[in-house]
Structures are given as structure tokens and as C-alpha cells.
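Working notes for the structure below.
The values are calculated or read from the model by the stated rules, or taken from the named source; none is laboratory data. Since this is a predicted model, take the numbers as computed values, not measurements. Here the Cβ positions follow ideal geometry from the backbone for every residue, glycine too, while neighbour counts run over all protein chains shown. Areas reflect the complete protein model, heavy atoms only, side chains present, ligands, DNA and RNA absent. Shrake-Rupley method; radii C 1.70, N 1.55, O 1.52, S 1.80 Å.
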Amino acid sequence: MKIVTLTLNPALDKSTSIDKLQPEKKLRCEEPNYEPGGGGINVSRAINILGGSSLAIYAAGGSSGDKIEELLKKENVHQQRINIKKNTRENLMVVESSTGNQYRFGMPGAEVGQEGLQKCLDAIKNLPDDVKYLVASGSLPPDAPDDFYGTIAEIAKSKNIKCLVDTSGRALVKAAEMGVCIMKPNLGELSSLAGKEEISGLQQEEIAKKIINEGKADILIVSLGARGAMIVTKDIIEYVVPPTVKQDSTVGAGDSMVGGLILSLSRGDSLSDAVKWGVAAGTAATITPGTELCRKKDVEKIFDWLSEKERTSKRK
């Protein structure tokens, strides 16, 4: 198993639809759909959809934790559950069918506890030698220290494992201070890393280069939403721009992007091709309904488009 994902703050994602949201009325919803959620878990699910394999390590407790475990088994995702005492959170997404609007309700995460946090660290310390990539993704639980992902990245580095961190806020800033192999911020998160409220498109390359030169990351994959991604290393700045598509839902696009990227890297592809796979997977996720992740045939079609676009550009 070359890829491992870590999810400290997973969620059982519940989605439903209703004709119209109205205050102070009893609203009759459609039969809910349940999916396992949380950054690393979704990355592992996307990898599985794309024909790859990974081990999803996650901390979960209670009946919602049991449901996540059951759902991952149904999807044939390899998993290692770290049991915690508190019940794992449940998130809710409601689609208003009359307008197509989505309403997403994220609940606070459960405390993992010191014992649970230590078990997560031990799980990474005990990873076998054939693991090449670790994805630490999603928010931290309320009782985890801000530098927890940085500590995870340091353990990974000591084991010669390339660690990708995909998080936000203080967790991202502290991880960057400790040094990470790969980070995948969006523009808002890139602003946080630069200590700014916001940055313009004209500043993004300069700021990304500064972050690299300060040793905060070896590789930055900056997510630009519908405009694709910017790749930044010490040697290159490149852009991968996807085709324009009719977006249905952006839920899971970032996790799908990371899944496509890391699966491609694990297969020995170049960084440029790996980001194309990532952008293709992220774009494909936006054309699926609700909380559904990417579909393999869509990802392959978009990747082929990106590759042909690059070949055409080189011929000119």
C-alpha cells in the first residue's frame, strides 16, 4: 500500500432535498443519503473510484463512527479505525429542489482525547516501509494542538514518506512553519500563509515562491477553483486550466483533486501530469450531483483534454 490518508475529524455526511425551505414550518424531506466524510476519507474514496488503493486511517466513535466504518466497507476502502469515546459528528446538506440552492450545515467535531491523538501518531510511526505518500487532510478536532499536522509531517519525513497537508487556519500555518513536502492551499489559505487578509492574482506567484524559498513546503499546488491549479516549486511555476463545465456541486472537489494528484504521483507520473490528474478529478467532481465525488470516465475525459491542450500548445 503506497498511499495512506489520515482523517482526525471525520463526519457522517447526511444529504437530502426539499422543495422549498421555509421558516417555522414542519418540512418534509426526501429519504436521506449517507456518506462517509472528512478530508482524508474522501481522498481515499476518490482514489478507490479512480482504480487505485489506499489505507484510510481515521478517528471515530459512537453510532456515527460505526456507520462510517460500514459505509467504507461497502465501498471496499481499506481502513484502520482509531476508536474514540465521543460520538463522531454528523453534517447535513439540504438541496432546495425548486431553486437548486444547497444549504450545508457543518457540526462541531468530537474531541479525540489525548489517548486517541497518541494512537494517531503511533499509527503513522508504525506505517510499513512500502508507504510512499501520506495525505493529512481536513480540520483538526477541537482538542488537537495547532501543530499536530506539522508533527505528523515530521514523522513522515523521518520515515522517508512524502506528506501532503490539506487543511486551513492555524493548523495550516503551524504545519508550514514546521515544513511540509506538499501543500494544497486555495487562494484564501495562501493569504493566511503569507500573513495577509487577502491577495490578488498578481501577487499569488510571488507569495507562493516566497513560501517555497522559506522552506515551508517543497511543492505548492494552489487550487484556483474553476480556473484549475498553480504548481510552484523552487524551479517552476505552471498552471493547469481545465475546460469550462456546468457545475452541479463543488462538494468534494478539493478532496477529489488531492486523490487524483496523489494516486498519479504514486504511479511514478511527473508532477505536471499528476496535477493534471488532480485538476481533472476536481473538475469532474463539480459535475456530479450533491455530495458525490468524481466519476472515473469523466476524469479520464478531462485529463485527455488537458493533455491534448498541452500538446497543441507545444506545437505552436
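Things to note:
- Here the Debye sum runs over all C-alpha atoms of the range 107-184 as equal scatterers in vacuum, and log10 of I(q)/I(0) at q = 0.16, 0.21, 0.23 Å⁻¹ comes out as -0.55, -0.93, -1.09.
- Rounded to 5, the percent of DSSP beta bridges in the chain classed as antiparallel: 35 percent
- Options [x] 29, 25, 19; [y] 60, 24, 15; [z] 54, 19, 15 - which one matches semi-axes √(5λ) of the Cα gyration tensor in Å as calculated here: [x]
- When the P(r) of the range 139-241 is calculated, the portion above 19 Å amounts to 39% of the C-alpha pairs.
- For the chain, a crude dipole built from +1 on the beta carbon of Lys and Arg and -1 on the beta carbon of Asp and Glu, taken about the Cα centre, is about 520 debye to the nearest 20.
- Rg in Å to one decimal, and Dmax rounded to a whole Å, for the range 1-152 via C-alpha atoms: 16.8, 57
- The range 143-193: C-alpha gyration tensor shape, a/c 1.5 cut-off, then a/b vs b/c: oblate
- Over the chain, accessible surface divided per residue gives 47 Å², non-protein components excluded, 1.4 Å probe.
- Share of carbon and sulfur in the accessible heavy-atom surface of the chain [1.4 Å probe, %]: 47 percent
- When both bridge partners sit in the range 90-237, DSSP labels roughly 50% of those beta bridges antiparallel.
- Residue-span extension gain [LEU27 to MET1] - 0.36 nm each, minus C-alpha spacing: 4.8 nm
- Using only side-chain charges placed at the Cβ, +1 for Lys and Arg and -1 for Asp and Glu, the dipole size of the range 75-192 relative to its Cα centre rounds to 140 debye.
- Beyond 27 Å in Cα-Cα separation lie the following of the pairs LYS73/LYS297; LYS14/LYS85; LYS216/LYS276; LYS85/LYS216; LYS125/LYS184: LYS85/LYS216.
- Inverting the pair-averaged 1/r between distinct Cα atoms of the range 55-101 gives 12.2 Å as its Kirkwood hydrodynamic radius.
- In terms of its C-alpha gyration tensor, the range 15-81 has a prolate overall shape, because the principal axis ratio a/c (a ≥ b ≥ c, square roots of the eigenvalues) is not below 1.5 and a/b outweighs b/c.
- Along the axis of the charge dipole computed for the chain (Cβ charges of +1 for Lys and Arg, -1 for Asp and Glu, origin at the Cα centre), the listed residues TYR239, ASN42, GLY225 are led at the positive end by TYR239.
- Segment ILE236-LYS159, extension gain: residue separation times 0.36 nm, minus the distance between their alpha carbons: 25.0 nm
- Under 17 Å from the ASN126 label point (7 Å along Cα→beta-carbon), backbone N, the range 55-95: 55-60, 79-84
- Positive-pole candidate from GLY282, LEU190, GLY61, dipole of the chain, charges at beta carbon: GLY282
- Taking the DSSP beta bridges with both ends in the range 54-103, the antiparallel portion is around 35 percent.
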